[in-house]
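The structure appears below as structure tokens.
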Amino acid sequence: MARILGIGNVVLDTQLFVNTFPIEDSEQRAEKRLFAIGGNVANNLQVLQQLGHDCALCATLATDNAAKRLKNALEARQIDLSHIQRFIQGSTPTSYVQINNQNGSRTIVHFRDLPEVDFDHFAKIEIEAFDWLHFEGRNLEALSGMLNIAKTFLSHQPISIELEKPRDGLESLLTQVNVIFTGFAYAQASGFQTATDLIDHLQSCAPQATIICSWGSEGAWYAAPGAMPCHQATQALPKPVDTLGAGDTFIAATVDALIAQKPLAEAVSAGNQLARRKCQQLGLDNLLDPLVTRKPIANIKHITNSRATVVPAPGLQHKVVLIKHDNEVKAYLNNCPHQDVPLDEAYKIDINPFEMTMKCSVHDAFFRIEDGVCVEGPCWREELTPVDLEIDPETGAIYIAEQ
Ligand code: FRU
């Protein structure tokens, strides 16, 4: 187990799952909406924590609702938030992500109006207490100073950096780091056709560094200091479910293997494997669980129209509420859009058979059973997230539908 400090961004991701990628100036309904922790370094740490490390996040948060949600979600995942810098003005960074159900691709629009971590804040952290520091290659105003003090005060702890997008002055700081993570997007934006061309270039900026360049479904290239680039392929994935955060997972699993002193080729292969595993599931939670074999979540015999049945659903981020409506079983994530809490957090979910609504026990939001729309209460017009089911006609077993 290592203590790892990640310095970068944490953002609230709003993920919309769509069946076809939208055409400009068109309309469509999303199949599902999820809120999740995002931001590269926050994602790295969520995975490293699952891999058994103690992780602390150095990033900025505002004091808005998004910040509250993120704080709760990060604490629930045991990420140490004592090095977060808070700002009273501005809003917590948010990203709006469209995930295409056909191929798991993710298209992201960011909204940012919060300053990033400043040098003075970072300088107060006792960085010697950590075994590994990982930086996002951003925040150029403060990054140079941060890397300087890290290099000055750390004796044996590796410093890694992720280069996701080229930024003015970034490459001149690379002499300060031990490991550089980069990838396809950086190569493309800097005009390199191949991973080996990019590695050659980065070796000239940072001859002391190990360079690891991930290339999506083609795996990754890597080079130890002064060595020629090598390649680790990854197995093709017929139908990715969700690729958001796959690159972040790759970095986390590679860092984990490097901490365990595995040879570089093995570390990169561990990165590839966990990134591939991530693409087979929604979100980053429970990444180390074996892939869920299909098990029924309930049986139709036990579902009525007078009572909401709440059942765990492996692979989903919340439990599922099941209820009969017009001889059909309706299913929604057990998560009130008002405050991101389970509908049965305070009491059971009350059903009104005349209005055909069900009530969130926390703040009395009434949702239409038919389509999950809130018809009265604090999140009026917002919707519960529907869950697609498959029901075995012979046994009545209810399954979460295959993506
Ligand atoms: C994925 C991700 C998302 C976030 C965005 C931030 O790598 O971290 O979670 O929206 O990238 O750049």
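Each reported figure results from applying straightforward, stated rules to the coordinates on display, with no laboratory input. Note that the structure is predicted; figures quoted are calculated from it, not measured. Every residue, glycine as well, gets a Cβ built from its backbone with ideal geometry; the counts of neighbours run over all protein chains shown.
Okay, here's what the table says:
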{"read-out": "Cβ-based exposure ranking for 156, 53, 302, in which fewest neighbours within 10 Å come first", "value": "156, 302, 53"}
{"read-out": "Low-density loop positions, trypsin sites (Lys or Arg not before Pro), region 251-326 - DSSP coil, at most 13 other Cβ in 10 Å", "value": "294"}
{"read-out": "Cα centre as origin, Lys/Arg/Asp/Glu Cβ charges: the chain dipole, Debye", "value": "600 debye"}
{"read-out": "With at most 11 other Cβ atoms within 10 Å, longest stretch of the chain clear of loop GluC sites (Glu not before Pro) (DSSP)", "value": "127-393"}
{"read-out": "Region 311-354: chymotrypsin sites (Phe, Trp or Tyr not before Pro) in DSSP coil with no more than 14 other Cβ atoms inside 10 Å", "value": "347, 354"}
{"read-out": "Gaussian network model of the chain, Cα within-10 Å springs - most flexible of 129, 257, 206", "value": "129"}
{"read-out": "Estimated [θ] at 222 nm from DSSP helical runs (n ≥ 4, -39500 (n - 2.57)) normalised by residues in the chain, nearest 500", "value": "-7000 deg cm²/dmol"}
{"read-out": "Size descriptor, Kirkwood hydrodynamic radius, that averages inverse alpha-carbon separations across region 298-400, Å", "value": "13.5 Å"}
{"read-out": "Within a Gaussian network of the chain (alpha carbon springs, distance under 10 Å), most fluctuating of 228, 358, 146", "value": "228"}
{"read-out": "For residue 157, net neighbour charge (Lys/Arg +1, Asp/Glu -1) across residues whose Cβ lies under 10 Å away", "value": "-1"}
{"read-out": "DSSP bridge orientation in the chain - percent antiparallel, rounded to nearest 5", "value": "60 percent"}
{"read-out": "Qualifying trypsin sites (Lys or Arg not before Pro) for region 356-401 [loop in DSSP, other Cβ within 10 Å: at most 14]", "value": "381"}
{"read-out": "Residue-wise HN-Hα coupling along region 115-131, computed from phi with Karplus coefficients 6.51, -1.76, 1.60 (Hz; x: Gly, Pro)", "value": "x, 8, 3, 9, 4, 4, 5, 4, 5, 7, 6, 7, 5, 5, 6, 9, 9"}
{"read-out": "Antiparallel content of DSSP bridges confined to region 13-151, in %, to 5", "value": "55 percent"}
{"read-out": "Spacing of the two label points (7 Å from each Cα toward its C-beta) at residue 260 and residue 356, in nm", "value": "5.4 nm"}
{"read-out": "Value of relative contact order over region 298-400, rounded to a whole percent, pairs C-alpha under 8 Å and six or more apart", "value": "23 percent"}
{"read-out": "Selection from 214, 155, 139, by position along the positive dipole direction of the chain (Cβ)", "value": "155"}
{"read-out": "With Cα atoms, 0 to 90° folded angle of helix 195-205 axis to the chain main axis", "value": "50 degrees"}
{"read-out": "Residues with amide H under 5 Å from that of residue 334, placed H, sequence gap 5 or more", "value": "319, 320, 321"}
{"read-out": "Percent of Cα-Cα distances greater than 29 Å, calculated over the chain", "value": "48 percent"}
{"read-out": "Per principal axis, descending, Cα span of region 238-325 in whole Å", "value": "59, 24, 18"}
{"read-out": "Estimated vicinal HN-Hα couplings, Hz - region 135-145 in sequence order (Karplus 6.51, -1.76, 1.60; Gly, Pro = x)", "value": "10, 7, x, 8, 6, 4, 4, 9, 4, 4, x"}
{"read-out": "GNM flexibility winner over the chain from 261, 46, 157 (Cα, springs under 10 Å)", "value": "261"}
{"read-out": "Amide N proximity, region 179-194 versus residue 200 label position 7 Å along Cα-to-Cβ, cut-off under 17 Å", "value": "187-188, 190-194"}
